[in-house]
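One structure is given below, encoded as C-alpha cells.
The values are calculated or read from the model by the stated rules, or taken from the named source; none is laboratory data. From a predicted model like this one, the values you see are computed outputs, not experimental measurements. Please note: Cβ atoms are built from the backbone with ideal geometry, for glycine as well, and neighbour counts cover all protein chains shown.
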C-alpha cells in the first residue's frame, strides 16, 4: 500500500467538500485557486458548479494550474415516470459525457437514481424493480455513446438509505452485476474498463461482502475511490459526513483492499457537511483534508 504520510500528491478534492465557506457558496474558480495554492493536484468538480462558472472557464483554469480530475460528478438519475422524462435523462447524460470529455476527466460518475419523484418528496410509484430496470437500460444506452467518446462510466453504489430517492444500486455487488452484463469483455481485456465502479467508503464500508467484491472488480473496474467518514451519531442522512479519522470507517483497510487490486489513482475527499465543515473557512477545511489524508487515509 502506498505511503501517504509524507505528502499529499495522491489527494483529490471533490469540490462539494468546499462548496460553501463559512456558510456562503464558494465559486468553483475560487476552489480551484485554493487547491492549486496548496499543491493539491486533482479535483472532482460537480456539474452545477461547472455550469455556474462556465465550462470553458473551468477547462482553462484546470489546464492553467496543471490539475487533473479524479472524476466528474455526475451523470445518472435514469428512472422517470414517463417517456418524456426518460428522454430528458438520456439527453442530460449525453451532455454530461461531453462535459467530462472537455475537462479530460478519467470517468463520469453515475448516481443512478431511485423512484421517480422521490427526490422531490413524492414518488410516482413504489416499484423499485422497475426503477432498477430503467437504470439498467439507461446505462446500456449511455454506454454506447460514452464508448464512442472514450469516456469510462463509473457506477457509484449508494448506501441503502438512499435507495428510494438517489440510487437503487446500493451494493458493490449490484453495481458489478450491471458491469458484467453490459461490459462483459472488460476483465479479460487491457486498459481501463468502459464501465466500472466508484468505491465511496461512506456508502459501502458496512457491506460484509466488500472485500470480495473489490477483488471481483479488479484493477480495470476500479475507476474511482472516495473517502470521508461515518459519524456516530449521524444527524443528517445527506449532509453530516465526517472528516477522515473522525468516525468509524477503517479507511486504510479499505484502501489496502483497493490498492491490492492495483488501483493507483487519487483518494478523493468528498464531504457534505452543512453544520460543520461548510461552516468553516474553506482554507482551513482544505488544510485539514491534507493533514488527514496523511494520517487517516
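Residues 127, 91: which one is free of Cβ contacts under 8 Å to residues at least 24 places away in the same chain, under 30 Å from residue 61 (Cα atoms) and in the same structural domain as residue 180 (by TED's automatic domain parsing)?
Values: 127 fails: under 30 Å from residue 61 (Cα atoms).
Residue meeting the stated conditions: 91.
Quick one: is residue 40 crowded, with 19+ Cβ neighbours inside 10 Å and over 22 Å from residue 146 (Cα atoms)? Spell out the reasoning first.
Values: crowded, with 19+ Cβ neighbours inside 10 Å: yes; over 22 Å from residue 146 (Cα atoms): yes.
Criteria met by residue 40.
Being under 21 Å from residue 265 (Cβ atoms), assigned by TED's automatic domain parsing to the domain that holds residue 200, over 19 Å from the mean Cα position of the chain (by Cα) and assigned to a helix (DSSP H, G or I) narrows it down to one residue among 147, 134; which is it? Step through it out loud before you land on a result.
Numbers: 134 fails: under 21 Å from residue 265 (Cβ atoms).
Going through 147, 134 in turn, just one is under 21 Å from residue 265 (Cβ atoms), assigned by TED's automatic domain parsing to the domain that holds residue 200, over 19 Å from the mean Cα position of the chain (by Cα) and assigned to a helix (DSSP H, G or I): 147.
Identify the residue in the range 197-209 that is more than 14 Å from residue 179 (Cβ to Cβ) and surrounded by 20 or more Cβ atoms within 10 Å (Cβ to Cβ) and, among all such residues, is farthest from the chain's Cα centre (by Cα).
Within the range 197-209, the match that is farthest from the chain's Cα centre (by Cα) is 204.
Out of (1) in contact (Cβ under 8 Å) with a residue 40 or more places away in the chain; (2) in a loop (DSSP other than H, G, I, E, B); (3) buried (at least 20 other Cβ atoms within 10 Å of the Cβ), the odd one out for residue 116 is which?
Status for residue 116: all satisfied but (1).
Looking at 265, 196, 283, 245, which one is touching a helix residue (DSSP H, G or I) at 6+ places or on another chain (Cβ under 7 Å), not in a helix (DSSP H, G or I) and not assigned by TED's automatic domain parsing to the domain that holds residue 158? I'd like the intermediate steps shown before the answer.
Working: 265 fails: touching a helix residue (DSSP H, G or I) at 6+ places or on another chain (Cβ under 7 Å); 196 fails: not assigned by TED's automatic domain parsing to the domain that holds residue 158; 283 fails: not in a helix (DSSP H, G or I).
Step by step, each of 265, 196, 283, 245 is checked, and only 245 is touching a helix residue (DSSP H, G or I) at 6+ places or on another chain (Cβ under 7 Å), not in a helix (DSSP H, G or I) and not assigned by TED's automatic domain parsing to the domain that holds residue 158.
For residue 212, are the conditions met, namely being outside the structural domain of residue 256 (by TED's automatic domain parsing), in contact with a strand residue (DSSP E or B) (Cβ under 6 Å, 6 or more places away or on another chain) and either buried (at least 18 other Cβ atoms within 10 Å of the Cβ) or at pLDDT 95 or above (or both)? Spell out how you get there, then give the answer.
On the way: outside the structural domain of residue 256 (by TED's automatic domain parsing): yes; in contact with a strand residue (DSSP E or B) (Cβ under 6 Å, 6 or more places away or on another chain): no; either buried (at least 18 other Cβ atoms within 10 Å of the Cβ) or at pLDDT 95 or above (or both): yes.
It is false that residue 212 is outside the structural domain of residue 256 (by TED's automatic domain parsing), in contact with a strand residue (DSSP E or B) (Cβ under 6 Å, 6 or more places away or on another chain) and either buried (at least 18 other Cβ atoms within 10 Å of the Cβ) or at pLDDT 95 or above (or both).
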